[in-house]
Amino acid sequence: MSKKENPEWVEDTIEKIRQKMDWVSEKNKDRIPYKTLKDGSYDDRSDSSIEWSTDDGLNWWTNGFWGGMMWLMYLDTHNERYMEIARNCEKKLETCFQGFYGLHHDVGFMFLPTAVADYKVTGNPESRKTALHAANLLAGRFNPAGRFIRAWNEVNGDDTTGWAIIDCMMNISLLYWASDETGDPRFRQIAMLHADTVREFFVRADGSVNHIVEFDPNTGEMVRSYGGQGYKEGSSWSRGQGWALYGFVNSYAHTGKTDYLDTAKQVAHYCMANIPESGHIPVDFRQPKEPAWEDSCGACVIASGLLELAKYVPELEQHFYGQAAEKILRALLKDRCDWSRDCDAMIQNCTGAYHHEESHHITMTYADFYFMEAIYKYRNAENLFW
Ligand code: GLY
């Protein structure tokens, strides 16, 4: 996928992204958005007074993606304005450390696209410190009895001490980075122990995955799985499939352990076998046919994960994964992209959770982030974030 081979649709999309992000970034330069409101404007999750809560305020788990979008734009355009806005977001997120209680395993999603990206692009020593701080918090959530990283703090009064979730496969890139950066292998060891547990207890023989697995936090034994944001226990939440696919590719890239590459392929093949003719990804690959809830965000994660996987396989297989990613991206381009000024977000029809009606067919910054990331991969952009 060298630059000269880029098809016209990719170059055309990059131009549209540039035009859209030019005004969207200025309009929202002081916010950290998550989704658009009824009038098409972005909300703002940068309220630092909600320090206990993982929802709504500054601890909201998606708060790193806005900065990540700005870094993608900076790398594309070299316009320093994008760097300033990315740094603005990073500075706000740093204050989460003071509050502490609202932080969770998603410090990976929060600080990889902000502080780690900043450090990788500019060498900013403050960003290195921030990212190492976050990595230590993530490592501190490791449960040695069950060899997993605890996901959330309390959820709606439920004790989640023994809960791990598939999404964390993306967060552990922060630990790989911390070991590379410091030379201390502890972080990588924790990441690999967690990834090995996920292979054993989350990934099913057919390549589908559990969203949530509960372990006994004292003995480490598996208690049960939950359907989480998907349709039900034993089903197959599509975005979770994406986190698994992409996360195992990352673990392979950081460690060279071929089991991780094999697992990434296993999950990828399951996803590919379940992509509907339309190319639009359902919220859960095992949901009933009706209502036909979609998750364009899951689509973006899967597409970007497939393109990442294509980097580590022989040429013939590259084509195979590349074609599947293209099918998804082109379906989004055809039907689910808003390039107008009516909406701050690009990607439409994203879904938070199957059973959470208010989160059906909304927009999400991380859909836009993974869409942009996927498109820029056609230009051979290095993996800056994961
Ligand atoms: N990490 C939660 C989600 O993907 O919605």
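The values are calculated or read from the model by the stated rules, or taken from the named source; none is laboratory data. Source: prediction; values computed, not measured. In this analysis, Cβ positions are derived from the backbone assuming ideal geometry, glycine residues included, and neighbour counts consider all displayed protein chains. Heavy atoms of the whole protein, side chains included, go into the accessibility calculation; ligands, DNA and RNA do not. Shrake-Rupley method; radii C 1.70, N 1.55, O 1.52, S 1.80 Å.
Taken over the chain, the alpha-carbon convex hull comes to 130 cubic angstrom per residue.
When you work out D = kT/(6 pi eta Rh) for the stretch 264-346 at 25 °C and 0.890 mPa s, using the Kirkwood radius from C-alpha pairs as Rh and the Stokes-Einstein form, the result is 181 µm²/s.
Accessible surface ranking for T161, T263, 1.4 angstrom probe, highest first: T161, T263.
In terms of its Cα atoms, the stretch 305-386 spans 43, 30, 26 Å along the principal axes, sorted from long to short.
The 3J(HN,Hα) values that the Karplus relation (6.51, -1.76, 1.60; θ = phi - 60°) gives for the stretch 213-223 are, in residue order, 10, 9, 10, 6, x, 8, 9, x, 6, 5, 9 Hz. Gly and Pro appear as x. For the stretch 308-386, carbon and sulfur atoms together expose 48% of the accessible surface, with a 1.4 angstrom probe and every protein chain in place. Placing unit charges on each Cβ (+1 for Lys and Arg, -1 for Asp and Glu) gives the chain a dipole about its Cα centre, and among P291, T160, T258 the Cα reaching farthest toward its positive end belongs to T258. Between E8 and V223, the modelled labels are 5.8 nm apart [label points 7 Å from Cα along Cα→Cβ]. Along the stretch 261-266 the Karplus relation, 6.51 cos²θ - 1.76 cosθ + 1.60 evaluated at θ = phi - 60°, assigns HN-Hα couplings of 5, 4, 5, 4, 5, 4 Hz to successive residues, with x for each Gly and Pro.
About its Cα centre, the dipole of the stretch 57-169 is roughly 280 debye, where the only charges are +1 on Lys and Arg Cβ and -1 on Asp and Glu Cβ. The solvent-accessible area of E317, taken with every protein chain present and a 1.4 Å probe, is close to 60 Å². The residues packed around D167, meaning those with a beta-carbon under 14 Å from its beta-carbon, carry a net charge of +1 if Lys and Arg are +1 and Asp and Glu are -1. Scanning residues 5 or more positions from F142 or on other chains, those with amide H under 5 Å from its amide H are R150, with H placed 1.01 Å from N in the peptide plane.
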